[in-house]
Amino acid sequence: MANKLLLEIVTPYRLVMSEEVDEVVSPGIEGEFGALPGHTPFLTTLKLGEMSYRKVDERWFLVLNWGYAEVGPEKVIILAEGCERAEEIDVERALAAKARAEDRLAKAERKLEDIDIERARAALMRALLRIDVAQKKKLT
């Protein structure tokens, strides 16, 4: 049995990472799941959420924006629509996106504009998640 997992995260735009890790925790569509070396193989759909991985005693955080995961005993492959490491997140941009989404939702409540409420809620959720993950960076 392997001592490490190879974690590969790929988006349509780039290879986010390909590293050996000790543990992966990801937001599955039916709930958060964790994977350790030797895990039973499975496939799952992923939702918007916080993802993390551990190397020895350090935990690293990412924002995952929908996708798929293939988990095996020695490898976890994530195919995501988008993914950002905590240290890559521009907090000012995330705060601006949060303000825009809140403004759009407020206008929708007052019926000032014809707004796609679900899209505005999703934008707000992404912005809040990015702000939260950016503050975590790396925990040791």
May I ask you to list pairs of residues, at least six apart or on different chains, whose Cβ atoms are under 6 Å apart, with the first in segment 93-105 being under 13 Å from Arg130 (Cα atoms) and the second being modelled with pLDDT under 90 and of a type outside the set (D, E, K, R)?
Ala94/Ala127; Ala94/Ile131; Ala97/Ala127; Lys98/Ala127
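Could we say that Glu84 is open to solvent by 30 Å² or more (accessible area, probe 1.4 Å) and part of a strand (DSSP E or B) here? Walk me through it before giving the result.
Numbers: open to solvent by 30 Å² or more (accessible area, probe 1.4 Å): yes; part of a strand (DSSP E or B): yes.
Considered against the rule, which asks whether it is open to solvent by 30 Å² or more (accessible area, probe 1.4 Å) and part of a strand (DSSP E or B), Glu84 comes out as yes.
With the requirement that a residue be aliphatic (A, V, I, L, M) and either closer than 14 Å to Glu50 by Cα or open to solvent by less than 30 Å² (accessible area, probe 1.4 Å) (or both), what does segment 87-104 give you? Reasoning before the result, please.
Within segment 87-104, the first condition is being aliphatic (A, V, I, L, M), and the residues that meet it are 89, 91, 94-97, 99, 101.
The answer is Ile89, Ala94, Ala97, Ala101.
Being touching a Phe, Trp or Tyr at 6+ places or on another chain (Cβ under 7 Å) and open to solvent by 20 Å² or more (accessible area, probe 1.4 Å): is that true of Leu124 here?
The answer is no for Leu124.
Out of all the residues in segment 56-81, which are exposed (fewer than 14 other Cβ atoms within 10 Å of the Cβ) and part of a strand (DSSP E or B)? Let's see the steps before the verdict.
Here is the first cut: in segment 56-81, the ones exposed (fewer than 14 other Cβ atoms within 10 Å of the Cβ) are 56-58.
Answer for segment 56-81, where residues must be exposed (fewer than 14 other Cβ atoms within 10 Å of the Cβ) and part of a strand (DSSP E or B): just Glu58.
Taking the conditions exactly as written (on the phi < 0 side of the Ramachandran plot and either in contact with a Cys (Cβ under 7 Å, 6 or more places away or on another chain) or modelled with pLDDT under 85 (or both)), does Leu79 satisfy them or not? It would help to see each step written out before you state the result.
On the way: on the phi < 0 side of the Ramachandran plot: yes; either in contact with a Cys (Cβ under 7 Å, 6 or more places away or on another chain) or modelled with pLDDT under 85 (or both): no.
For Leu79, the condition - on the phi < 0 side of the Ramachandran plot and either in contact with a Cys (Cβ under 7 Å, 6 or more places away or on another chain) or modelled with pLDDT under 85 (or both) - is not met.
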List the strands (runs of 3 or more DSSP E) inside segment 1-55, counting only whole elements, that have at least 2 residues being more than 24 Å from Lys136 (Cα to Cα), open to solvent by 30 Å² or more (accessible area, probe 1.4 Å) and touching a residue at least 12 places away in the same chain (Cβ under 8 Å).
42-46
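The values are calculated or read from the model by the stated rules, or taken from the named source; none is laboratory data. Quick caveat, the model's predicted, so the values are computed rather than measured. Methodologically, a virtual Cβ is constructed for each residue, glycine included, from the backbone with ideal geometry; neighbour enumeration extends over all protein chains shown. Keep in mind that these areas ignore ligands, DNA and RNA; they rest on the heavy atoms of the full protein, side chains included. Shrake-Rupley method; radii C 1.70, N 1.55, O 1.52, S 1.80 Å.
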